[in-house]
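A.B. asks: One structure, pasted below without further comment.
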Amino acid sequence: MHPARSLILFTTLSGLGFGLLAFLCLGLPPLTSWAAVFFFGLAFVMAGAGLIASTFHLGHPERALKAFTQWRSSWLSREAWLATAALAAAGLYAAALIFADTRVAPLGWLAAVLSLATVYATSMIYAQLKTVPRWHHWSTSALFLALALAGGALLSGQAWPAIVLILGAGVLQFYAWKTGDRRLADSGTTLATATGLGARGEVRAFEPPHTGPNYLTREMVFVVARKHALKLRSIALVLAFLVPSLLLLLPYTLSLAAAAHLAGVLMLRWLFFAEAEHVVGLYYGKR
Amino acid sequence: MTDLPTHTDRSLGLVIDLDTCVGCHACVVACKGWNTENYGAPLADADAYGAQPIGSFLNRIHSYEVQPAEGPAQLVHFPKSCLHCDDAPCVTVCPTGASYKRVEDGIVLVNETDCIGCGLCAWACPYGARELDPVEKVMKKCTLCVDRIYNETLPEEDREPACVRTCPAGARHFGDLSDPQSTVSQLVEARGGIDLMPEQGTKPVNKYLPPRDRDIDLLAPLLEPVAEEPRGLLAWVDTALGKL
């Protein structure tokens, strides 16, 4: 799949933002006055910036409000509702904390659950797609949630929970790559089933429908980066998981650890899109 | 709502004959022409005369080589457009309700004024049947020429999709696939019509008729060589060269 910058920014920033929001709303760490303004501000800016970035890849962003209508069937619509609800609940919780110096704990729990539900809805936009076998698996949602929780723990300064969650997310990421690499082959969808000609012999794409690229090949048949996949995966693993975990063992390194984690997650999300193979590529003799 | 209907009154669709398609792309041109001048946003081309032309099409013709275990390879031209699936994944993922499947005839359509151009429906389609228009930035797809098939201002013989009407080889057929008595259903029955990517669970309405088995050496026995041994001058050259 084409790794659109807007989608990489969106999934990374809003994932971390909602992860942070979940921790803050649970009272981890307990915050008051200016510290609360700073941390909640950071979480709202990240979550909000991600959501705004996501509208940049729309053909008609001015119609974005229509996306709230189809929550019964569409994960994208559910995500819009959950994100709005999470931001509203967290906003009320933060306002009470900052202006009235009151912690409304149940509202915080609700906001935390809604924040994580938003991340889950985001993950399901990808995991629901049978056409992209690499994504069509429980590990996609698990990984999105694990990265949001790990990033949230890290940004809220919960050193030991952060180390455990980051390492857990790293193991999950490794598992997702390990199993994802063979999921297209395991899906059973091949050029033979795509054309229905498999019973007659070996099917080979002889000639494409046109000499140039088209929307489908640009959007879904992205092959440029795959040759460096192993190197990119290694760098991303080090940046997103290894460096932050080691830095958290030392004092006064929180912001450095957060920066490394952010860079690593951006790379992971780039790979998430760039490595995903859409079955339509088979029709073009590619994957 | 983008929930799929549990039942459609009819299942209009295409039956495409891979045995007779000659790969002339006339259906592609007819489709582009009709759908540029009629219902919905025109099918645009960007940079049409430049170095990187790219355009939206609702119908594209691939060509595949099939190499059997024995015998020569066969070339199969393969037209592909929206299959108007009964379990259309493109419809349910749509966040705005722009994508829908009609209850009365099963046609899958896009309400272009509701489309936000997010592209998720194109991702959900395994067949590559949806393309985002490069100029209008809304999702385009085969409408089964919904503005032709019910259009009483057209002569009756033109009330079928433009691709079907134009095909010079008679490789495309249009009709109601939910009616077992329809010509298209009988064609599917007689020729063993198949679904594309059945494992994706989309339940496509459109069916493909596989190439017929044939003895491609049909005429060869009638063309036995008539001059096994050279005679006259050639016989002399043959013996002279053989002695060298």
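The values are calculated or read from the model by the stated rules, or taken from the named source; none is laboratory data. Quantities reported herein were computed from a predicted structural model and do not represent experimental measurements. Positions of Cβ are backbone-derived with ideal geometry, glycine not excepted, and every protein chain shown enters the neighbour counts. Ligands, DNA and RNA are stripped out before the accessible areas are found, and what is left, the full protein with its side chains, is counted by its heavy atoms. Shrake-Rupley method; radii C 1.70, N 1.55, O 1.52, S 1.80 Å.
A.B. asks: So which GluC sites (Glu not before Pro) in the stretch B:32-85 end up in coil per DSSP with only 16 or fewer other C-beta atoms within 10 Å?
C.D. replies: Hits after loop and neighbour filter: B:GLU70.
A.B. asks: Which aspartates and glutamates does A:LYS231 reach when only Cα atoms under 16 Å apart count, and residues fewer than 8 places away in its own chain are ignored?
C.D. replies: Hits, sequence-local ones excluded: A:ASP181, A:GLU275.
A.B. asks: Excluding residues on the same chain fewer than 8 positions from B:LYS141, give the aspartates and glutamates whose Cα lies under 14 Å from its Cα.
C.D. replies: Cross-link targets: B:GLU112, B:GLU131, B:ASP133.
A.B. asks: So what's the net charge close to A:LEU271: Lys and Arg +1, Asp and Glu -1, counting the other residues with Cβ under 10 Å from its Cβ?
C.D. replies: Neighbour charge sum, excluding A:LEU271 itself: +2.
A.B. asks: With r defined as the distance between the Cβ atoms of A:VAL37 and B:LEU223 and R0 fixed at 60 Å, what FRET efficiency is calculated, to the nearest 0.05?
C.D. replies: 0.05
A.B. asks: Treating each Cα of the stretch A:5-284 as an identical point scatterer and ignoring solvent, apply the Debye formula and state log10 I(q)/I(0) at q = 0.11, 0.16 Å⁻¹.
C.D. replies: Taking Cα atoms of the stretch A:5-284 as identical point scatterers yields -0.68, -1.26.
A.B. asks: Leaving out ligands, DNA and RNA, and with a 1.4 Å probe, what % of the accessible surface on the protein assembly as shown is carbon or sulfur?
C.D. replies: 64 percent
A.B. asks: How big is the stretch A:147-229 along each principal axis, measuring the range of its Cα positions in Å and listing the largest first?
C.D. replies: Projected onto the principal axes, the Cα atoms of the stretch A:147-229 cover 59, 30, 20 Å.
A.B. asks: Are there any chymotrypsin sites (Phe, Trp or Tyr not before Pro) in the stretch B:81-188 that are in a DSSP loop and have at most 13 other Cβ atoms within 10 Å? List them by number.
C.D. replies: B:TYR150
A.B. asks: Please identify the GluC sites (Glu not before Pro) of the stretch B:148-193 that satisfy two criteria: DSSP loop assignment and at most 10 other Cβ atoms within 10 Å. Which are they?
C.D. replies: Here the sparse-neighbourhood loop sites are B:GLU152.
A.B. asks: Per residue, how much accessible surface does chain A expose to a 1.4 Å probe? Answer in Å², no decimals.
C.D. replies: Value for chain A: 44 Å² per residue.
A.B. asks: Whole-Hz Karplus ³J(HN,Hα) for the stretch B:124-138, in order, using 6.51 cos²θ - 1.76 cosθ + 1.60 and θ = phi - 60°, x for Gly and Pro?
C.D. replies: Computed from phi, the couplings for the stretch B:124-138 are 6, 7, x, 9, x, 8, 10, 10, 6, 5, x, 9, 7, 6, 10 Hz.
A.B. asks: So, one more: Determine the shape class of the stretch A:87-189: with a ≥ b ≥ c the square roots of the Cα gyration tensor eigenvalues, call it rounded for a/c under 1.5, and otherwise prolate if a/b is greater than b/c, oblate otherwise.
C.D. replies: Verdict is oblate for the stretch A:87-189.
A.B. asks: Under the √(5λ) rule applied to the eigenvalues of the Cα gyration tensor, what semi-axes describe the equivalent ellipsoid of the protein assembly as shown? Give them in Å, descending.
C.D. replies: 54, 30, 18
A.B. asks: At 7 Å along Cα-to-Cβ for each site, give me the label-to-label distance between A:ALA100 and B:ASP158 in nm.
C.D. replies: In this crude label model, A:ALA100 to B:ASP158 measures out at 7.0 nm.
A.B. asks: Okay, moving on. Along the positive direction of the dipole of the stretch A:5-284 (beta-carbon charges: Lys, Arg +1; Asp, Glu -1; about the Cα centre), which of A:LEU249, A:ALA95, A:HIS210 reaches farthest?
C.D. replies: So the residue we want is A:HIS210.
A.B. asks: Within a 10 angstrom radius of each residue's Cβ in A:77-90, how many Cβ atoms of other chains show up on average? Whole number is fine.
C.D. replies: Across the residues of A:77-90, the mean count of other-chain Cβ atoms within 10 Å is 1.
A.B. asks: Using R₀ = 51 Å, calculate the FRET efficiency as 1/(1 + (r/R₀)^6) where r is the Cβ-Cβ separation of B:ASN38 and A:TRP109; round to 0.05.
C.D. replies: In this case the efficiency is close to 0.40.
A.B. asks: Here is a further query. Between B:THR6 and B:ASN111, what's the calculated FRET efficiency when r is the beta-carbon distance and R0 is 30 Å? Round to 0.05.
C.D. replies: 0.90
A.B. asks: Moving to a separate point now. Compute the projected area of the convex hull of the Cα atoms of chain B, averaged over all viewing directions, and report it in nm² to one decimal place.
C.D. replies: Here the figure is 21.6 nm², rounded to one decimal.
A.B. asks: Another one. Using a basic spin-label model with each label point 7 Å from the Cα along Cα→Cβ, how many nm lie between A:THR84 and A:LEU167?
C.D. replies: Roughly 4.2 nm, to one decimal.
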